[in-house]
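What follows is calculated from the coordinates using simple rules that are stated; it is not laboratory data. Not measured: the values here are computed from a predicted model. As a convention, Cβ positions derive from the backbone with ideal geometry for all residues, glycine included, and neighbour counts pool all protein chains shown.
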Amino acid sequence: MRSRSSGKKISGSGPRKGRRITSKLNVIAEGRIYEVVQAGRLKRFWDWTPAFAQAMASEAGIETLTEAHWQIIRYLRAFVERNHRTPIVFRALRDNGLSLRELERLFPSGYHRGACMLAGLDDYGIYPDLDSEPAPAINKTYRIDSGGFLVHPGEWDEDFASMRAEELGVQLTEKHWAVLRFIRNRRASTGKVPTVFETCKALKLEGQELEVLFPQGYQRCAVKLAGLSLAQ
């Protein structure tokens, strides 16, 4: 998982949790302000985080982002990073093994107004200076407790997970991210961190598979990287 943010550290205070649209030009998601242009388009490609997509999902007619949505969003951003342009809809369908009807069910507001908007892509779809103009550094501090767990779950982002994973000696893959997203989404929808049994059942994982992914344990590794704790 590529990250262009820098200047982040784990120890002190961070932004308050929140998610709302404050004006036509700003979106606040989990304490961070995102500058947008017309139709909710993110102004700068590298400013994007998953929190932006979560915040704008309702604008795209989506109640809850599922793994199927995230697969398309991640695909779009990865494609742009590699090719400096947005893939045409037919290329996106082919690469993801989807029919047009299936894509419509996922993003009812449209490919550009739904999927591309949530992925933080603009209307033009061409990024000639993507490599030469990285995102500005963002100084951020994460507050953790004595056990290394994030104090305020709303401060979580993928950079936190990546940094903590590196400290724990875990190389995050798509399988890891699927577990982390499930844990966070389940906690957001139910108010409780899912048990290891619920997580394995939902993701069709055997206990041994989960152990390989998170050798330090479910709570001490998976839940920790998700920015949560079983006590929350």
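Structure notes:
- Cα gyration tensor shape for the stretch 145-225, rounded if a/c is under 1.5, else prolate or oblate: oblate
- Efficiency of FRET from Cβ geometry, Asn26 and Arg220, R₀ 45 Å, rounded to 0.05: 0.75
- A simple spin-label model places pseudo-atoms 7 Å from Cα toward Cβ; at Glu174 and Asp145 they are separated by 3.5 nm.
- The label-point distance for His84 and Glu104, in a model that sets each label 7 Å from Cα toward Cβ, rounds to 3.6 nm.
- Summing +1 for each Lys or Arg and -1 for each Asp or Glu among the other residues whose beta-carbon sits under 13 angstrom from that of Ala68 gives 0.
- Highest mean first, the peptides 184-191, 155-162 sorted by other C-beta atoms within 10 Å per residue fall in the order 155-162, 184-191.
- Take each peptide in 173-183, 192-202, count the other Cβ atoms within 10 Å of every residue, and average; sorted highest first, the result is 173-183, 192-202.
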